Amino acid sequence: MNNFGYTRASDVADAVRQIAADPAAKFIAGGTNLIDLMKENVARPSRLIDITHLPLDKIEETKDGGLRIGALVPNSDLSYHPQIEARYPLLASAILAGASQQLRNMASTGGNLLQRTRCFYFYDTTTPCNKREPGSGCSAIGGINRGHAILGTSEHCIATHPSDMCVALAALEARVLATGRNGGERTIMFADFHRLPGDTPQIDTTLRADEIITAIDLPPKGFAANHSYLKIRDRLSYAFALVSVAAGLDIQDGKIKEARLALGGVAHKPWRDKHAEAQLAGAPATHETFMRAAETVLRDARGFGHNDFKIELARRGIVRTLTQAAGGTPQSQADKRIK
Ligand SMILES: Cc1cc2nc3c(=O)[nH]c(=O)nc-3n(C[C@H](O)[C@H](O)[C@H](O)COP(=O)(O)OP(=O)(O)OC[C@H]3O[C@@H](n4cnc5c(N)ncnc54)[C@H](O)[C@@H]3O)c2cc1C
Ligand code: SF4
């Protein structure tokens, strides 16, 4: 049992002041990931700074016609919000593909971005893990790595980012709003928020230690007419993605005007490939076009033994998701029929 303190932040400035004064402290929102990490002795914060009473639970229109989602909006509220359902169904369906209703009721938008990998060696403190204990080695390389990454890996870590919501946010080109010391606010493009492991796999994101996420901004374009989120996993619910694909297409006269494509379960961050998107733009919405895009996304993919199958799974997943998006028949419709 590790002793830890507990305080409550009174406002955003107070939250930042508290974390800057005690770098070993951690914010707690829904607690659905952090408490598990503490129970497993992976996270040992000196203090929990409770941010759940901060006024960051609104979904509001932005001046540019998009939406601002407060960092404390629960995942459930976000997925069922009428504006999200109507304008950003890709985001709604990605959230609903994750966890369980009870977990989504607790999980916050900000916490979802910062949830840590589900690599089981990371959670098992008896094994070497560079992410948990820098310099100790990676047990997954040469170990059991069925769920691990095939893109953007390094010799130090092959973990994946587990979020579903973040895959949709990557495809939608969301922006993360953060506040740091002295009221310093900044906006981080979603593509720059999560990191690849490189030689510092212990660092998941570009958020600074003394910053708090206050909101996520969605640009106006939501690809509502032609989108799909496909999550392939071992069980139909309550399981993390082996491979997931988020696609949004803007199609005019059978031709793709603009494309967004992001993958989950394959890399240390939601994997978006701008080359594949550029290749899709201007092309006819056909099977051949989608096959070519899949080849492009996976051109540098590499398996580590148990996860070799993910390369073919991702290829098929990309083609299927783009086909669903183009046809206006998203996976979420098929899921409703199953339920
Ligand atoms: C059994 C189980 C199954 C799950 N399945 C899925 C799944 O299929 N797909 C999926 O996407 N997710 C899944 N999840 C993960 C779940 O979505 C996350 O645990 C949740 O989103 C985290 O949000 P939280 O508010 O509970 O975060 P917390 O646990 O409170 O915090 C997580 C981290 O974020 C930090 N933090 C929180 N808010 C802020 C903020 N505003 N600013 C700065 N730092 C902050 C905390 O300090 C902590 O380090 C699952 C979780 C469990 C337990
Ligand atoms: S893949 Fe990353 S998280 Fe998993 S054991 Fe290796 S270093 Fe640790």
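The values are calculated or read from the model by the stated rules, or taken from the named source; none is laboratory data. Owing to the predicted nature of the structure, the values given are computational and were not obtained by experimental measurement. Using ideal geometry, Cβ is built from the backbone for each residue, glycine included, and neighbour counts are taken over all protein chains shown. Only protein heavy atoms, including side chains, enter the accessible area calculation; ligands, DNA and RNA are left aside. Shrake-Rupley method; radii C 1.70, N 1.55, O 1.52, S 1.80 Å.
Within the range 281-339, the proportion of C-alpha pairs whose separation exceeds 18 Å stands at 45%.
Selection among Ile69, Ser154, Tyr80 by position relative to the dipole of the range 56-163 gives Ser154 as farthest towards the positive end (Cβ unit charges, Cα centre).
Eigen-decomposition of the gyration tensor built on the alpha-carbon atoms of the range 87-232 gives equivalent ellipsoid semi-axes of 27, 20, 14 angstrom, largest listed first.
With a 1.4 Å probe rolled over the protein heavy atoms of all chains, the accessible area of Tyr88, Tyr123, Tyr80 falls in the order Tyr80, Tyr123, Tyr88, largest first.
Where does the range 1-144 land on Rg/Rh, using Cα atoms and the Kirkwood Rh? Before the final figure, lay out the partial values.
Working: Rg = 17.6 Å, Rh = 17.1 Å.
Rg/Rh for the range 1-144 comes to 1.03.
Ranked by the mean number of other Cβ atoms within 10 Å of their residues, highest first, the peptides 258-268, 8-18 come out as 258-268, 8-18.
Computed from backbone phi with θ = phi - 60° and the Karplus coefficients 6.51, -1.76 and 1.60, the 3J(HN,Hα) list for the range 261-273 is 8, 9, 10, x, x, 10, 8, 5, 9, x, 9, 10, 10 Hz; x is used for glycine and proline. Rolling a 1.4 Å probe over the protein heavy atoms gives the chain an accessible area of 45 Å² per residue.
Using Cβ point charges alone (K and R +1, D and E -1), the dipole size of the range 257-339 about the Cα centre works out to roughly 280 debye.
Hydrophobic, long helices, defined as DSSP H runs whose alpha-carbon span along the helix axis is 20 Å or greater and whose mean Kyte-Doolittle value is at least 0.0, occur in the chain at 309-327.
Keeping the other protein chains in place, figure out the carbon and sulfur percent of the accessible area of the chain, with a 1.4 Å probe. Walk me through the numbers on the way to the answer.
On the way: 7920 of 15270 Å².
C and S fraction of accessible area: 52 percent.
Taking every C-alpha pair closer than 8 Å and separated by at least 6 residues, the mean separation divided by the residue count of the chain gives a relative contact order of 17 percent.
Given H placed on each backbone N at 1.01 Å, which residues far from Arg116 in sequence or on other chains put an amide H within less than 5 Å of it? Close amide H contacts, sequence-distant or interchain: none at all.
Sequentially through the range 225-238, phi angles give Karplus couplings (6.51, -1.76, 1.60; θ = phi - 60°) of 6, 10, 9, 6, 10, 10, 10, 9, 8, 6, 10, 6, 8, 6 Hz, Gly and Pro residues having no value and appearing as x.
Could you work out the Kirkwood radius for the chain, taking every pair of different alpha carbons, averaging 1/r and inverting it, reported in Å? Write out the running numbers ahead of the final one.
Values: mean 1/r = 0.0490 Å⁻¹.
Across the chain, the inverse of the average 1/r is 20.4 Å.
Highest mean packing comes first when the peptides 224-237, 291-304 are listed by Cβ atoms within 10 Å, giving 224-237, 291-304.
Counting Lys and Arg as +1 and Asp and Glu as -1, each charge on the Cβ, what is the dipole of the chain about the Cα centre in debye, to the nearest 20?
Working: 41 positive and 36 negative charges, 109 e Å.
The dipole of the chain has a size of about 520 debye.
Restricting the calculation to Cα atoms, the range 228-336 shows an Rg/Rh of 0.96 when the hydrodynamic-style radius is the Kirkwood one. Sparse packing (at most 10 other Cβ atoms within 10 Å of the Cβ) combined with a DSSP loop state is found for the following trypsin sites (Lys or Arg not before Pro) in the range 43-139: Lys63. Sequence-ordered 3J(HN,Hα) estimates for the range 47-58 from the Karplus curve with 6.51, -1.76 and 1.60 and θ = phi - 60° stand at 7, 9, 9, 6, 9, 5, 9, 6, x, 10, 10, 10 Hz, glycine and proline given as x.
Loop-located GluC sites (Glu not before Pro) in the range 151-207 (DSSP state other than H, G, I, E, B) with a sparse environment of at most 16 neighbouring Cβ atoms within 10 Å: Glu155. Each of Pro270, Ser139, Ala215 was scored by the projection of its Cα onto the charge dipole of the chain, and the greatest displacement toward the positive side belongs to Ser139; charges sit on the C-beta of Lys, Arg, Asp and Glu.
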